[in-house]
Amino acid sequence: MIKTNSLVHNDFLLTDKLSKSLYHDFAKTLPIIDFHNHLNPSMIANDNQPENLFTLWVMVDQYKHRAMRMNGVAENGITGNASDYGKYFNWAKTLPRTLGNPLYQWSYLELQRVFDIQLELDESSAREIWEECQDQINSGKLSTVMLLKKFNVEALCTSDDLLDDVSIHKKASEKGVKVLPSLRTDSILDQSDTFHSWCTVLEGLLQTKIKDLDSFEAALGKRFDVFSDAGCKLVDQALDAGFEFNWVDKSKADTIFKQFLSGERLNDLESVSLQSYLLVWIGRACAQRGLILQLHIGAQRKTSSRLRQLLGNTGGFAAIGAPSNVATLVAILDTMDKNGQLPKTILYNLNPADNVAFASLTGSFSEDGIVAKIQFGPAWWYNDHYEGIINQLKALASYGLLHNSIGMTTDSRSFLSMSRHEYFRRVFCQFISGWVKKGLLPNDTTILKELVQDVCYRNAKNWILKSTIKL
């Protein structure tokens, strides 16, 4: 028997009069600024039409893939050669098992907001829902641009490698949603076998020869300028679990870099030293151009060697790493700050044990005239569930300035994930209402309206999109 799902309704996650008023009156209709995601800008520029429910909803969502694996689905039925319907059907079998996981709530939010589907998805309803969604897809009303407009997306920032062609973002922006590149700099610090081939492409792109640190920095600077000229506002660097820092001057770093270019294997200290120098260089390059540095900290990316060999490094099987060494993070920020070259920075933590420390760091590198020089970033990756969002908000409110928060971002490859902004806004309004009930916040509509609208929209727009501070 096919059942109606009653989870997602008009007051989903809102339990009292104030939370409902805060959401429906002040948050619901705000535009979305999604400042960190992995959407494909070419798909927006070309206004791609989805083929079916699998390609639109399941194919690029690694959260769903992970859940399917945990539910015993064979890889062939997730990312392999099974039919699109077969892989979607495997997700339909898995969804009922995700109770308590944010995937359960997100999935029904996606089905209702995009397709107006009110039914429970399981084995018995899978075919009916597939066919209903296919009819809507065939209507041509669920293209990438239409989806973004359906979610009221004003602007989004994609993740792009230094070598990527960012001219596509201008074409994408002509579709009615501002689409900006953000520069992913992991390749600059990479010391795997792929660095040399990446460096060769960089040389060809700029018609130059990289033979030492000076020539490497010059090449990087030219690409930073290309990104900046294309409207880039953010630079993104991962610092995985156990990251280390050992500052060396340019002369020492140049010696190590030449060794690396020649194919010589670096020892651990040399490796850390070179990465440390280049990380500080990235911070300086950001500060010089008024770009914001995002540090995504704490992932344990190397887990199953078997799955990594089968699916690559981003297959959805990374884990939460150990808590960060705050002293090491402070050393990185302080090295940049000593020379006046610390850019505005967003700190994201994957291990929730870092919440309080990261929230407290928002007050450790303040600068005259700059609001929120350091931001404690949104609940990220494994933390962007109900409790994770609440815990991030509590830490920021207790140790920093909640009113300066830049709210939510999806960090997703799925266009349907824009619904998570609604999820965040509902959680936030319920959270604020709860504190008002406890007497921790004033029950003043004017004050609360400003707080909700700033955190859910205006801060991201003003702090990120209007960022123009340059050294």
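The values are calculated or read from the model by the stated rules, or taken from the named source; none is laboratory data. Note that the structure is a prediction, hence the values are computed from the model and not measured. With ideal geometry, Cβ positions are generated from the backbone for all residues, glycine too; neighbour counts draw on all protein chains shown.
Determine whether region 15-36 contains at least one residue that is surrounded by 15 or more Cβ atoms within 10 Å (Cβ to Cβ), more than 30 Å from N443 (Cα to Cα), under 23 Å from the mean Cα position of the chain (by Cα) and not β-branched (V, I, T).
Yes: region 15-36 contains one or more residues that are surrounded by 15 or more Cβ atoms within 10 Å (Cβ to Cβ), more than 30 Å from N443 (Cα to Cα), under 23 Å from the mean Cα position of the chain (by Cα) and not β-branched (V, I, T).
Tally time: how many residues in region 44-90 are in contact with a helix residue (DSSP H, G or I) (Cβ under 7 Å, 6 or more places away or on another chain), closer than 22 Å to T158 by Cα and either free of Cβ contacts under 8 Å to residues at least 24 places away in the same chain or not in a helix (DSSP H, G or I) (or both)?
Counting residues in region 44-90 that are in contact with a helix residue (DSSP H, G or I) (Cβ under 7 Å, 6 or more places away or on another chain), closer than 22 Å to T158 by Cα and either free of Cβ contacts under 8 Å to residues at least 24 places away in the same chain or not in a helix (DSSP H, G or I) (or both) gives 3.
Could you grab the pairs with beta carbons closer than 9 Å, sequence gap of 6+ or different chains, first residue in region 110-122 and in contact (Cβ under 8 Å) with a residue 24 or more places away in the chain, second one of a type in the set (S, T, N, Q) and crowded, with 20+ Cβ neighbours inside 10 Å?
E110/S414; E110/S417; E110/S419; Q112/S419; R113/S419; V114/S419; L121/S107
Determine which member of the set I320, I332 is over 19 Å from the mean Cα position of the chain (by Cα), of a type outside the set (S, T, N, Q) and surrounded by 14 or more Cβ atoms within 10 Å (Cβ to Cβ).
On the way: I320 fails: over 19 Å from the mean Cα position of the chain (by Cα).
So the residue among I320, I332 that is over 19 Å from the mean Cα position of the chain (by Cα), of a type outside the set (S, T, N, Q) and surrounded by 14 or more Cβ atoms within 10 Å (Cβ to Cβ) is I332.
Right, I188: surrounded by 15 or more Cβ atoms within 10 Å (Cβ to Cβ) and without any contact (Cβ under 8 Å) to a residue 40 or more places away in the chain or not?
No; evaluated as a whole, the condition is false for this residue.
Does S398 meet the test of being assigned by TED's automatic domain parsing to the domain that holds L333, closer than 27 Å to L22 by Cα and surrounded by 18 or more Cβ atoms within 10 Å (Cβ to Cβ)?
no
Name every residue in region 126-170 that is part of a helix (DSSP H, G or I), closer than 17 Å to M418 by Cβ and under 21 Å from the mean Cα position of the chain (by Cα), in order of residue number.
The answer is T144, V145, L147, L148, K149, K150.
Given the conditions (1) in a helix (DSSP H, G or I); (2) under 24 Å from the mean Cα position of the chain (by Cα), and given that C232 satisfies all but one, which numbered condition is not satisfied?
(1)
Scan region 1-22 and report the pairs whose first residue is outside the structural domain of N443 (by TED's automatic domain parsing) and whose second residue is of a type in the set (D, E, K, R) and assigned to a loop (DSSP other than H, G, I, E, B), with Cβ atoms within less than 8 Å and a gap of 6+ or a chain change.
I2/E120; K3/E120; T4/E120; N5/E120; K20/D11
Being small (G, A, S) and either touching a residue at least 60 places away in the same chain (Cβ under 8 Å) or touching a Phe, Trp or Tyr at 6+ places or on another chain (Cβ under 6 Å) (or both) is the filter here, so list the residues in region 264-295 that pass it.
Matches in region 264-295: S271, S276, G283, A285, A287, G290.
Would you confirm whether any residue within region 111-131 is outside the structural domain of G407 (by TED's automatic domain parsing), of a type outside the set (A, V, I, L, M), in contact with an Asp or Glu (Cβ under 8 Å, 6 or more places away or on another chain) and closer than 16 Å to W91 by Cβ?
yes
I'd like to check something: does region 306-321 contain any residue that is free of Cβ contacts under 8 Å to residues at least 60 places away in the same chain, of a type in the set (S, T, Y) and assigned by TED's automatic domain parsing to the domain that holds D190?
No, every residue in region 306-321 fails to be free of Cβ contacts under 8 Å to residues at least 60 places away in the same chain, of a type in the set (S, T, Y) and assigned by TED's automatic domain parsing to the domain that holds D190.
Residue-wise test of (1) among the hydroxyl-bearing types (S, T, Y); (2) in the same structural domain as G340 (by TED's automatic domain parsing); (3) under 30 Å from H169 (Cβ atoms); (4) over 28 Å from the mean Cα position of the chain (by Cα).
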| site | (1), (2), (3), (4) |
| --- | --- |
| Q237 | no, yes, yes, no |
| F245 | no, yes, no, no |
| K252 | no, yes, no, yes |
| T255 | yes, yes, no, yes |
| F260 | no, yes, no, yes |
| D268 | no, yes, no, yes |
| V272 | no, yes, no, no |
| S276 | yes, yes, no, no |
| G290 | no, yes, yes, no |
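Restricting to region 244-281, count the residues that are surrounded by fewer than 16 Cβ atoms within 10 Å (Cβ to Cβ), of a type in the set (D, E, K, R) and farther than 17 Å from T335 by Cα.
4
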